[in-house]
Amino acid sequence: MPHIVMEYSDPVSERVSIGQLLEDLHQTAIGSGIFDVSDVKSRAYACHDWLIADKDDQENFIHVTLWLLDGRDEERKRNLSHAFLDVMQKHAPEVASLSADIRDMDRRWYAKVER
């Protein structure tokens, strides 16, 4: 834990290095000092169908969700979301919609298998 999930409109990959952006987001989470390095997991998904306002699929987006176990304070979560936005703005200044969201996962219901 945590999980960084990046979603982006497919055409973004023509102008942005998705792998490098994901790596920089990953390193931002690690560099925050909040998490153990071995716990950070990141992945990216291209969206082939999307709609934004009344512009249909004419505008592109990148949205990052950071899922983490509950209990972190608001300031740390706010700082992480803004740090993610800074990284996205550096990599994708021409993308119309950049957003980040921090989501808590309830520790009582989270389960995993480690091998």
Given the criteria within 23 Å of Q27 (Cβ to Cβ) and over 15 Å from the mean Cα position of the chain (by Cα), does D104 qualify? no
How many residues are open to solvent by less than 30 Å² (accessible area, probe 1.4 Å) and within 11 Å of the chain's Cα centre (by Cα) if we restrict to the range 57-69? 4
Could you tell me how many of the residues in the range 2-21 are within 12 Å of C47 (Cβ to Cβ) and either open to solvent by 30 Å² or more (accessible area, probe 1.4 Å) or of a type in the set (G, A, S) (or both)? 5
Among the listed residues S9, S38, identify the single one that is polar (S, T, N, Q), more than 25 Å from R107 (Cβ to Cβ) and more than 10 Å from the chain's Cα centre (by Cα). S9
Looking at G71, G33, which is the one that is in contact (Cβ under 8 Å) with a residue 24 or more places away in the chain and at positive phi? G71
The range 70-109: number of residues that are open to solvent by 70 Å² or more (accessible area, probe 1.4 Å) and in a helix (DSSP H, G or I): 9
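Considering each residue of the range 16-58, count those that are more than 21 Å from L69 (Cβ to Cβ), of a type in the set (D, E, K, R) and assigned to a loop (DSSP other than H, G, I, E, B), and give that number. Steps first, please.
Of all residues in the range 16-58, those more than 21 Å from L69 (Cβ to Cβ) come to 16-24, 44-58.
Now narrow it down to the ones that are of a type in the set (D, E, K, R): 23-24, 49, 54-57.
With assigned to a loop (DSSP other than H, G, I, E, B) added as a condition, the list becomes 49, 54-57.
Qualifying residue count, the range 16-58: 5.
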Can you tell me how many residues within the range 22-55 are surrounded by 13 or more Cβ atoms within 10 Å (Cβ to Cβ), touching a strand residue (DSSP E or B) at 6+ places or on another chain (Cβ under 8 Å) and hydroxyl-bearing (S, T, Y)? 1
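The values are calculated or read from the model by the stated rules, or taken from the named source; none is laboratory data. Just so we're clear, the structure is a prediction, and the values are computed from it rather than from any experiment. Because the Cβ atoms are built from the backbone with ideal geometry, glycine has one as well, and the counts that use them run over all protein chains shown. Only protein heavy atoms, including side chains, enter the accessible area calculation; ligands, DNA and RNA are left aside. Shrake-Rupley method; radii C 1.70, N 1.55, O 1.52, S 1.80 Å.
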